[in-house]
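Peer 1: The structure that follows is given in the form of structure tokens.
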Amino acid sequence: MSRLLLRNFRERPDVAVSASGLRIRSADGREVIDGSGGAAVACLGHAHPVVLEAIRKQIETVCYVHTGFYVGEPVEALAEQLVGHEPGGLTHAYFVSSGSEGVEAALKLARQYALETGQPRREHVIGRRQSYHGNTLGALGAGGNQVRRPPYAPILPGASSHVSPCYPYREQRTDEDAAAYVQRLANELEAEFQRVGPDRVMAFIAEPVVGATLGCQPALPGYFRAVREICDRHGALLILDEVMCGLGRTGTLHAWEQEGVAPDIQVIAKGLGGGYQPIGGILVAGRIIAAIEAGSGLHRHGHTYAAHPVACAAALAVQQVIRDENLVEQVAIRGRQLEQALKRRLGQHPHVGDIRGRGLFWAMELVEDRETKRPFAPGIGMNGRVKLATFARGLACYPVGGTIDGVRGDHVLLAPPYIATEAD
Ligand code: PLP
């Protein structure tokens, strides 16, 4: 009997014994193609020599220091790499160990910004239904995930509420065009600000391309510009969660670049360290830092492993490889090939309702009836079945969404490493 607890008490995954490039091998000698980089994490694939060498060097020099005493050498360099060129006015970076911790840091910084600018009433976060921003309590509270949230609802901290996501496949009405749908969503957000009280809203949080809950769903053109305008008009911060869709995954370094807006705080994680080390972080607009610097000068938040030197060394190497090997451009090219292949091979499949995504971030929405878009009945777990079936044939893909109470949409997600070749 194993004494190890994993998320599913009844299932025991294979033991992985080696991995390189896009391939993972298990103890029984089976090899699979890592078609989703785990959960859209392994952006450089496995065992990239440049990253391994950077980790080895850092462990041999300084394997750990606490930020109360020291900062490791690669930490400053990583911040410089990410925000040194002030993309969209984001001028500072803070590093933690996961996406959830990044979301917590973002929420706390937003609250602190409100306090330090004399707006103590701002404490409410508006998120979106069918969203996921992490599993820690604060992040679960900001998210609108109908599966992971309910059991813990009584112990979730903070005031939050949720508006509709931009989900044209299911929620754009037949009598409205894209612009009218975007306007309807903007009106709903505006109404939610008015309901809560505009001077009580601290931040709006959303993923530019929704990964796990809506299956690689980009917003329609103009949606984020409308959101940005509403946040600005009411003095609320815009937090963009690019934990899954960021750092090259969608074919631009930041997914928000394709929306014509920049966030006040951006959360990053998976593609930051590519799975070589656990690391997440936030990128923050200069005006927020300036306000806090002029006030308390403190971010009242910290973790033992914040700015971990080995994690930052790994992330720095990952980001340098992405830049040096022009991998963001590669993602755009490979992504078009993946899109074409998926649409050609599966676009007409009777149980594939929609194929959507950007860059190397694609999902299929599985439906029982393609014509009516009727989802599979609750309990069938079609996304999980497809995962098992493809795994048995040598491809790891990531099942997300699910047809469960209040949630419609089984999705299977593909997020191959940026180094994937056309043959892969
Ligand atoms: N935000 C988004 C959009 C995510 O997809 C995830 C994880 O899947 C998280 C936050 C949480 O990140 P982590 O699992 O690293 O805590």
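Just so you know, all these numbers are worked out from the coordinates, no wet-lab data involved. Since this is a predicted model, take the numbers as computed values, not measurements. FYI the Cβ positions are ideal-geometry reconstructions off the backbone, even for glycines, and counts take in every protein chain you see.
Peer 1: Note down the net charge around Ala77, summing +1 for each Lys or Arg and -1 for each Asp or Glu among other residues with Cβ under 15 Å from its Cβ.
Peer 2: Spelling it out: positives minus negatives among the neighbours equals -2.
Peer 1: Using label points projected 7 Å from each Cα along Cα→Cβ, tell me how many nm separate Ser26 and Asp424, to one decimal.
Peer 2: In this crude spin-label approximation the distance works out to 2.1 nm.
Peer 1: What full-extension length gain, to one decimal in nm, is calculated for Arg323 and Val147 as 0.36 nm per residue of separation minus the Cα-Cα distance?
Peer 2: 59.6 nm
Peer 1: Give me, ordered by chain and number, the residues 5 or more places off Val163 or on other chains with an amide H under 5 Å from its own placed amide H.
Peer 2: Result for Val163 returns Gly127, Arg128, Arg129.
Peer 1: Using Cα springs under 10 Å in a Gaussian network model of the chain, which residue among Ala203, Ala27, Ala105 shows the largest mean-square fluctuation?
Peer 2: Of Ala203, Ala27, Ala105, the Gaussian network model singles out Ala27 as fluctuating most.
Peer 1: Using modelled amide H (1.01 Å from N, peptide plane; none on Pro or chain starts), what sits under 5 Å from the amide H of Leu366, excluding residues fewer than 5 places away?
Peer 2: Excluding prolines and chain starts, which carry no amide H, the hits are Gly353, Asp410, His411, Val412.
Peer 1: Each label point is 7 Å from the Cα along the Cα-to-Cβ direction; what then is the distance between the points at Arg10 and Gln119, in nm?
Peer 2: 4.8 nm
Peer 1: Based solely on its DSSP helices, what 222 nm [θ] is calculated for the chain when runs of n ≥ 4 H residues each add -39,500 (n - 2.57) and the sum is averaged over all residues, nearest 500 deg cm²/dmol?
Peer 2: -10500 deg cm²/dmol
Peer 1: Given C-alpha coordinates of the range 91-215, what is the ratio Rg to Rh with the Kirkwood estimate of Rh?
Peer 2: 0.99
Peer 1: Could you pull out every one of the lysines with an alpha carbon less than 26 Å from that of Lys387, ignoring same-chain neighbours closer than 8 positions?
Peer 2: Here the lysines satisfying the reach criterion relative to Lys387 are Lys270, Lys343, Lys373.
Peer 1: For the range 244-285, how big is the tail of P(r) above 13 Å, as a whole percent of Cα pairs?
Peer 2: 54 percent
Peer 1: Quick one: check the C-alpha center-to-center distance for the range 271-338 versus the range 179-249, whole angstrom.
Peer 2: Measuring centre to centre over Cα atoms gives 22 Å.
Peer 1: Under 20 Å from the Cα of Lys108, which aspartates and glutamates turn up, not counting those fewer than eight places away in the same chain?
Peer 2: Within the straight-line cut-off, Lys108 pairs with Glu116, Glu123, Asp199, Glu207, Asp232, Asp241, Glu242, Asp264, Glu293.
Peer 1: I would also like to ask the following. I want the local charge near His92. Using Cβ-Cβ distances under 12 Å, sum +1 for each Lys or Arg and -1 for each Asp or Glu among the other residues.
Peer 2: Net of charged neighbours comes to -4.
Peer 1: Could you please state, rounded to a whole Å, how far the C-alpha centre of the range 341-371 is from the C-alpha centre of the range 1-77?
Peer 2: The range 341-371 and the range 1-77 have Cα centres spaced 30 Å from each other.
Peer 1: Also: With both partners inside the chain, how many of the DSSP beta bridges are antiparallel, as a percent to the nearest 5?
Peer 2: Taking every DSSP beta bridge within the chain, about 65 percent pair in antiparallel fashion.
Peer 1: Right, here's the next one. Beyond 39 Å, what share of the Cα-Cα pairs of the chain remains, rounded to the nearest whole percent?
Peer 2: 17 percent
Peer 1: Also, I was wondering about something else. Starting from the Cα-Cα distance between Arg56 and His301, subtract it from 0.36 nm times their residue separation and give me the gain in nm to one decimal.
Peer 2: Extra length available between Arg56 and His301 comes to 85.3 nm.
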